[in-house]
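Q: Mind looking over this structure? Questions follow.
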Amino acid sequence: MILIPGRSSKQGTSLNAGKLKEEYQTITSTIEMNESTMNKLGLSTGDRVRLSCSTGKVEVACGKPRKDEDLPDGMIFIPYGPSSSELMESDTAGTGMPMSKQMMVEVERLGAN
Amino acid sequence: MSETKTTEAAADEPNIRIVEDATCTFCGCVCDDMELTVDLDANRITKAKNACVLGRAWFLQHGIEDHPQAMIEGREVPLEEAMDEAARILHEAKFPITYGLSDSPCEAQRVAVAINDLVRGNIDTTTSVCHGPSGIAFQGVGESTATLGEVKNRADLVIYWGGNPAESHPRHFTRYTVTPKGRYIPNGKKDRYVVLIDIRKTPSSPVADQSIRVKPGRDFELLWALRALVRGRDISPDIEEITGVSRETLDELVERMKNCNFGVLFFGMGLTMTRGRHFNSGALLALATDLNKHTHFVAKPVRGHGNVTGADNVVSWQTGYPFGVNFHRGYPRFNPGEYTTVDLLARGDADAAMMIATDPASNFPKRAIENLKKIPVISLDAKPTYTSRAARVAFMVATYGINTGGTVYRMDDVPITLRPAFDSPFPTDEEVLTGIYTRLKALRVNGRKKAA
């Protein structure tokens, strides 16, 4: 699946409270998928999943499903933070910029929250 | 420098100060129309009129931290001792690097450049993991540019590509680009057509008159197709299969772009952080150039941090290059991929690091973080972070724009003066950096390390 880290309002406001605070850490380790994708994977809101790629793996929680028309099938959105960094490759293809969006990851269900 | 406009409140509220025309430095919009209510007893801002949701959090969450000014390996030390140790680390290192700077005023950024010039270090800013690819594209393609004021007063076609300003820059729409009435846009939003191009629906989507959904990783192909159509060339009949956007949609957009009076392309991380990187930005900038054969068209990156644009400006005017600058040979060299911080850390090149108002231990790739943890780190930040927690020397500094004055650059390269709200017991990052610079000067003879 394609992981798209990005900014969100809650990520931005919790950032101001402090990155070491629980709120920021919860927000940056909660993912979004559309309804069809969550159904296909047998996932519900609050379930824990493991995202993994050749760079690393990280455990995150499933947020509320997005409407199918809002987020394409097979795409995961996560607010920027330590979890998305864990999966980021360090190769920058000579630009200085690691591939910070559009990362290919595998999703494994770990169980209900 | 402008005076801070303050109003002391009535006698029954003696410890309340109102600061007018204060500047929010949370994001690159750098809105300078804040009216802050400051509780001087509590040393905190209680109200931030005109601020967006992010700005309110920025002002209301930045009080005075219960934290030492300076620490060495987690132990509280006098400020002077920490500056001694920071200078020693940078002086003894063979490959010291400095990174961050996008949440510091220009005055501090200038001292950081001077330090690296002195120790023959490497200076890079968060631009390299933000619009660094756009910086590369500017050098290759050029930039047809404008201020946000021009956009407000003239733009009748506003296109956002790969960005979600409703969440990242909430006042971009309302203060500069969509809703405000301008000199030649008397009816505000009614006189503009807004297009949003993205891979997903976002909270920005309702603002747009037209949302175009591009397939992930196909921005370059879509931009190149638009360029071809603007130049009167034909394109592949498979364009919808390739990009997810129909030929009819493209034709309509091209006609709209060619026939507007003043068009603007704002672009975000959706272009620079994905496959193609600087090629994506370059294609968009080239599209803006092509469109100038038909009408007036400009392109602007939407910048993230409050003074990341200042960092580009300061490092450019001091060294000739915007980011990723290396002084090892005694003169500045620029090479993204070689002198950019993710690469330097991932390869394990650096043997000391000074991190200014940034948190790479949280947001860098894993390999870079692992190597960062192996070298002595000096951290300057206004809040505890993953990086400050792991730093050998950690300075807690005053928050720019709230506790300190100075200059920042808005995302359209317009310099804006800061109006501080209340004093901080913490030093400014400029004071800390100047202290380190002074010590480094004393450790060296004619700029060189003294013989052992």
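Here, each number is a calculation from the coordinates, and none is a lab measurement. The model shown is predicted, which means the values in this text are computed figures rather than measured ones. So basically every Cβ, Gly included, is an ideal-geometry build from the backbone, and we count neighbours across all protein chains shown.
Q: Using the alpha-carbon atoms, what tilt in degrees (0 to 90, nearest 10) does helix B:247-259 show relative to the longest principal axis of chain B?
A: Roughly 80 degrees between the two axes.
Q: Please give the per residue volume of the convex hull enclosing the alpha carbon atoms of the protein assembly as shown, rounded to a whole number of Å³.
A: 157 Å³
Q: Right, here's the next one. Loop only by DSSP, 12 or fewer other Cβ within 10 Å of the Cβ. Give me the GluC sites (Glu not before Pro) in segment A:1-103 that pass, ordered by residue number.
A: A:69
Q: Pairing the Cα long axis of helix B:106-119 with the longest principal axis of chain B, what angle in degrees results, from 0 to 90 and rounded to the nearest 10?
A: 60 degrees
Q: Using only atoms on other chains, find how many Cβ atoms lie within 10 Å of each Cβ of peptide A:76-85 and report the average.
A: For this peptide, the per-residue mean of nearby foreign Cβ atoms is 3.
Q: Based on the Cα coordinates of chain B, what is the per residue volume of their convex hull in Å³?
A: About 150 Å³ per residue, rounded to a whole number.
Q: Å³ per residue of the Cα convex hull, for chain A?
A: 105 Å³
Q: Further, regarding this structure: Once phi is turned into θ = phi - 60°, what whole-Hz ³J(HN,Hα) does the Karplus curve with 6.51, -1.76 and 1.60 give for every residue of segment A:61-69, x standing for Gly and Pro?
A: 9, 8, x, 5, x, 8, 5, 4, 6
Q: Stick to the Cα atoms of segment B:312-452, pair each with every other, and give me the Kirkwood hydrodynamic radius in Å at one decimal.
A: Result for segment B:312-452, one decimal place: 17.0 Å.
Q: Could I ask something else about it? Taking the convex hull of the Cα atoms, report for segment B:139-217 its projected area averaged over all directions, in nm².
A: With the hull built on Cα positions only, its mean projection is 5.9 nm².
Q: In addition: So how do B:407, B:428 line up by other beta-carbon neighbours within 10 Å, fewest first?
A: B:407, B:428
Q: Starting from the 7 Å offset along Cα-to-Cβ, what nm value, one decimal, do you get for the label separation of residue A:17 and residue B:179?
A: Going from the residue A:17 label point to the residue B:179 one covers 2.6 nm.
Q: When N is the residue count of segment B:19-174, what does its C-alpha Rg come to as a fraction of 2.2 N^0.38 Å?
A: 1.34
Q: Near residue B:293, which lysines are there with a Cα under 16 Å away, not counting those fewer than 8 places off in the same chain?
A: Reachable lysines: B:258.
Q: For segment B:381-452, what are Rg and Dmax over the alpha carbons, in angstrom?
A: Both quantities, over Cα of segment B:381-452: 16.1, 48 Å.
Q: Something else now. Taking only DSSP H segments of four or more residues, each worth -39500 (n - 2.57), what value at 222 nm results for the protein assembly as shown once the sum is divided by all its residues, to the nearest 500 deg cm²/dmol?
A: -9000 deg cm²/dmol
Q: By count of other Cβ within 10 Å, fewest leading, how are B:267, B:422 ordered? Write out the running numbers ahead of the final one.
A: Values: B:267 26, B:422 19.
Fewest-to-most ranking of B:267, B:422: B:422, B:267.
Q: Still on this model: To one decimal place, what Kirkwood hydrodynamic radius in Å is obtained for segment B:132-301 from all pairs of distinct Cα atoms?
A: 15.8 Å
Q: Among the listed pairs A:67/B:215; A:57/B:94; A:10/B:47; B:94/B:366; B:383/B:441; A:101/B:152, give every one whose C-alpha distance is greater than 22 Å. Mind showing how you got there, number by number?
A: Details: A:67/B:215 17 Å; A:57/B:94 34 Å; A:10/B:47 19 Å; B:94/B:366 24 Å; B:383/B:441 29 Å; A:101/B:152 31 Å.
A:57/B:94; B:94/B:366; B:383/B:441; A:101/B:152, as the Cα separations exceed 22 Å there.
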